[in-house]
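Participant: Please find one structure pasted underneath; my questions will follow.
Values quoted throughout were computed directly from the atomic coordinates according to the rules given, and no laboratory measurement underlies them. The model shown is predicted, which means the values in this text are computed figures rather than measured ones. Here the Cβ positions follow ideal geometry from the backbone for every residue, glycine too, while neighbour counts run over all protein chains shown.
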Amino acid sequence: MLSLAQFWPFVHPGLAAAGLAAGTVPIIIHLINRRRYRRVPWAAMSFLLRAKRRAARTVWLEHWLLLLLRIVLIVLLGLAVARPFTSSSHLADLTGSRGLRIILLDNSLSMQAVDTSGVSRFDQAKAYVDRLMASFSEKDTVSLITTAYPAKAVIGHPESDRRVIRERISAVPDTQLRADFHGAVSRIEDVLAGVDIARGGCSVHVVSDYPLHRMLSTQRGKHDVDSAPATVTTLALRRLADKLTQSSHELTLVRVPSLDNENIAVSDLSLSSTLVATGFPLQVSMTVANHGSVSVRGLSLTLRRDQQEVRTETIPSLGPGQQSEVSMSLLFHQPGQYMLEASLDSTYRDALPLDNSRCLAVEVASRMPVLLVDGRRSSSLLSGQSGFIVASLAPEMLYDQDTPPSRSGPSQQESLFAPSIVDPAELASEALDTFPVIYLCNVSRLSQGQWARLTAYVARGGGLGIFAGDLIQVENYNRYAFADGEGLLPGLLQAVESVTNGEDAWTIAPDALPHAMVRELMSFPDSGLFLSRIERYLPLQPQSRADVVLHLSNGQPLMIASKFDRGRVLYMATSGDMAWNNLPAKGDFVSIIVNSTAYLA
Amino acid sequence: MMTDAPTTTSTLPSYFDPRVLAKLHGLELRARMVVEGFFAGMHHSPHRGLSIEFADHRAYTQGDDLRHIDWKVFAKTDKYYIKEYEQETNMHVLLVVDCSESMNYRSSDDLLTKYEYACVASGAIAHLALRQRDFVGLALFDEHITEFIKPSVRHDQWHTLVRTMSSHDRQGSTSLGATLAELGERLSQRTLVIVISDLFDDHEAILKGLTQLRYRRHEPIVWNLWDCAELTFPFNGTVLFEGLEQSGTLVAEPDAIRRQYLEEVQQFQNDMRTSCGRQRISYSVFDTSQSLSVTLTSYLAARSNRLRQRSSRVMR
């Protein structure tokens, strides 16, 4: 079937037709001018007649050539304004070769926006894809990828059967998920890697409402870099564009138009802390963004907990492109699971009503269990390797020295955390998943099996903190915990460093870009954290994936945080007691331990 | 104390300027202004009575005044001859003015039409000639001679000529060749024939008429009148040219044919100049925006030339 795009390859076909019609303008002007003349009485008519006879041939030629030139110029101008295009599918038709067409269809939440006629962007996108299919050569193979998180290759292996392709396209659902362009680009790269592109070439058609073209424009230097930050989406798209350009393939970005672009969205709903427990006041932060082009006044934002209204705030004015952050305090009295919802006034209507509210599931605990594996457990709380950490997490335990905390249960004077102390040998019998956070405090060594359990625990989302100490066998940690970079330890352990006689102990250096865990402490350079003295430490050479939270004054990393699969790992290069440093004697130690536990949780 | 006295200057209008004359009404006034202006610029001659010009010799007969015997001839031939003298005013001048429709053309209201220009020039020349006691006549023609006034020195001759030119209607096409042939037959005296026309006629016919005049020992001179627009063709855009002598209409873009038109005009003038030169006929091109003093000067030069020729012929 010959499509309009094949027959009339213009981005704006109407303008192209108008351009052709404009070619008649010089003819009309010519005819009008012939009828609009000045009358002049003339005596020397015989000379004039002879002159006209002589010039007739030349004048005729110049006249018609000029007219033709004017017509051609106007038609060309009109056609240029209509933006003619050709695609490799057209060329493929000419050469008889077979090309690969990859369609990236955006089915994320924003595509559900509807215009005044009630047609959603997703429906428009599907209609466009349908027209696009008609413009492809019959020999072309087509691959289809959707962007809703996670991006999916609906047709991963290029398909040539038009009926199958159309069925798969029509079966693509609209979703309420975010767009995953990064994943989509990876799927495209997978498709490209799996096929041998024939002479017909390859073209990628991205159909979305997202202003992707701005990202590529930034690359060409047309926009300020700050206007399009190097997000994962931007980088992925640029990588794809570069790859296609280098291979002389095509990348077509089609932005689905919408007559109604007005949209107010609750763009963020988050808590001030990841630790949510009963009796602890919590700040709920909500962000409302205006993605439209007109200002909105008197916008009501309501926070609900399990559909019960907590509080309503009014945003006086929100201009185009602006966003407003509203913060509310919230207190949970009972542990359990709660649903928080931030929603705009129900009477407010825009193109995308789905993003007018945002929900957050919150699990509120009465106390957070923390497992501490003590390498040299003692009957006295503070004599053990984990005593100061336990005291920081649950200070009430210091009040009863005769009954040191054990896994028999927490003290009756409850705090937010419920620490449990075990020997390394007891670790094997613990159900690790019941503890959001586990600390290894100067644990000398673990068996391969124990390390494997811990690794699996962290990979599932658990948090593991490791405090150094004199008992640690470096070789055991490096072999099973680091495991040539594949393990959970964020670096290779080195030999212990100690201050020599006559030298001053090391201190903690204020860092210019502190980690979120210690950011608030960095604001007070005279606090106890920076007055502490570190006399020994077990250095770790961090991997690239690791973040250094604290540095020593000699530049060596002291505290290192790292993600491992779905969990987190924290390594403290010095001891958790007073053996190698006097940090536990400083008040900031409590903050560091609580923040570390919150980070790992 | 010296002060700068205010000075006033006044510029009199030049009555040779066609643009000035176009503002005057009446041919008589225009022609008189031209002649008065012409004489205002001349010096009075200190010599008087010298306007008598030697004409011929004849044999002495009884009763002749002895003062007129040419003693030099007697010394050579031993015979008495009487010198005959002829006054300059005895010259016959015929103004042949084209009054066809094409002479009605003028490109600007500031200018005279070609016919008006011809009439003012003719009136001025007639006035000048009659003051010098020349015989002056007039012939108006289009397709044929429409008015003919025999050369005369009568005291009302000038008024007659001016009235005739003023009252004549311009219509019809030019047929100069036939007109000149007819004039040659009508004129009995040897006459200075001044043809004032735009010459929009067949080139060969014109030459034939002039040749016949020469054959009858008249002395034609040709003044070819052109409007300045006819010499420069200053039009642009699309123009409908309406021919004045039923020569039809023509839609043209002057920019496209200007070069060819000017070449045609130049070719015609060159042909006329060459052909007249062969017949020893003076041919001059006048632009109606030019000063009329040029025409009077041209006339006086032709008159002087003719008198010189006559004198040399007698001396031979």
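Participant: For a footprinting-style exposure proxy, rank A:486, B:147 by other Cβ within 10 Å, fewest first.
Facilitator: Listing A:486, B:147 from fewest to most nearby Cβ atoms yields A:486, B:147.
Participant: For helix A:121-135, what angle does its Cα long axis make with the longest principal axis of chain A, in degrees from 0 to 90 and rounded to 10?
Facilitator: 50 degrees
Participant: Considering only DSSP beta bridges with both partners in chain A, what is the antiparallel share in %, to the nearest 5?
Facilitator: Here the share of antiparallel DSSP bridges comes out near 60 percent.
Participant: Okay, moving on. Report, to the nearest 10°, how far helix A:45-81 tilts away from the longest principal axis of the Cα atoms in chain A, using its own Cα long axis and a range of 0 to 90°.
Facilitator: 20 degrees
Participant: Which of A:359, B:276 comes first, and how do the rest follow, when ranked by fewest Cβ neighbours within 10 Å?
Facilitator: Working: A:359 12, B:276 20.
Arranged by neighbour count, lowest to highest, A:359, B:276 become A:359, B:276.
Participant: Let me ask another. Output the 0 to 90 degree angle, nearest 10, between the alpha-carbon long axis of helix A:13-22 and the longest principal axis computed from the alpha carbons of chain A.
Facilitator: 30 degrees
Participant: Now for a separate question. For residue A:251, list long-range residues whose amide hydrogen, built 1.01 Å from N in the peptide plane, is under 5 Å from its own amide hydrogen.
Facilitator: Residues meeting the criterion, in which the H sits 1.01 Å from N, are A:204.
Participant: Could you please report the charge total around residue A:285, scoring K, R as +1 and D, E as -1 over all other residues with beta-carbon less than 10 angstrom from its beta-carbon? Working shown, then result.
Facilitator: Numbers: positive: none; negative: A:268, A:325.
After counting each charged neighbour, the total is -2.
Participant: With r as the distance between the Cβ atoms of residue A:452 and residue A:360 and R0 = 41 Å, compute the FRET efficiency 1/(1 + (r/R0)^6) and round to 0.05. Present the calculation step by step, with values, prior to reporting the outcome.
Facilitator: Values: r = 35 Å, r/R0 = 0.84.
After rounding to 0.05, the efficiency reads 0.75.
Participant: Right, something else. In what order do A:390, A:496 fall by count of nearby beta-carbon atoms within 10 Å, going from fewest to most? Numbers along the way, then the final one.
Facilitator: Numbers: A:390 27, A:496 16.
Ranking A:390, A:496 by Cβ neighbours within 10 Å, fewest first, gives A:496, A:390.
Participant: Here is a follow-up. What trypsin sites (Lys or Arg not before Pro) does segment A:485-562 have in DSSP loop regions with at most 11 other beta carbons within 10 Å? Provide the component values of the computation, followed by the final result.
Facilitator: Details: sites: A:519, A:533, A:536, A:545; in loops: A:533, A:545.
Hits after loop and neighbour filter: A:545.
Participant: With an 8 Å cut-off on Cα pairs and a minimum separation of 6 or more residues, tell me the relative contact order of segment A:1-84 in percent.
Facilitator: Numbers: 48 pairs, mean separation 58.3, N = 84.
Once divided by the residue count of segment A:1-84, the mean separation gives 69 percent.
Participant: If you average the sequence gap of Cα pairs under 8 Å that are 6 or more apart and divide by the length of segment A:368-600, what percent do you get for the contact order? Can you show the working numbers first?
Facilitator: Working: 503 pairs, mean separation 50.1, N = 233.
Value for segment A:368-600: 21 percent.
Participant: Also, quick follow-up: Using alpha carbons only, how many angstrom separate the centre of segment B:243-289 from the centre of segment B:158-174?
Facilitator: 25 Å
Participant: Mind scanning B:76/B:150; B:83/B:208; A:139/A:243; A:126/A:563; A:563/A:586 and naming the pairs with a C-alpha gap bigger than 31 Å? If you can, show how the numbers build up before the last one.
Facilitator: Numbers: B:76/B:150 42 Å; B:83/B:208 38 Å; A:139/A:243 24 Å; A:126/A:563 40 Å; A:563/A:586 28 Å.
Where the Cα-Cα span goes over 31 Å, the pairs concerned are B:76/B:150; B:83/B:208; A:126/A:563.
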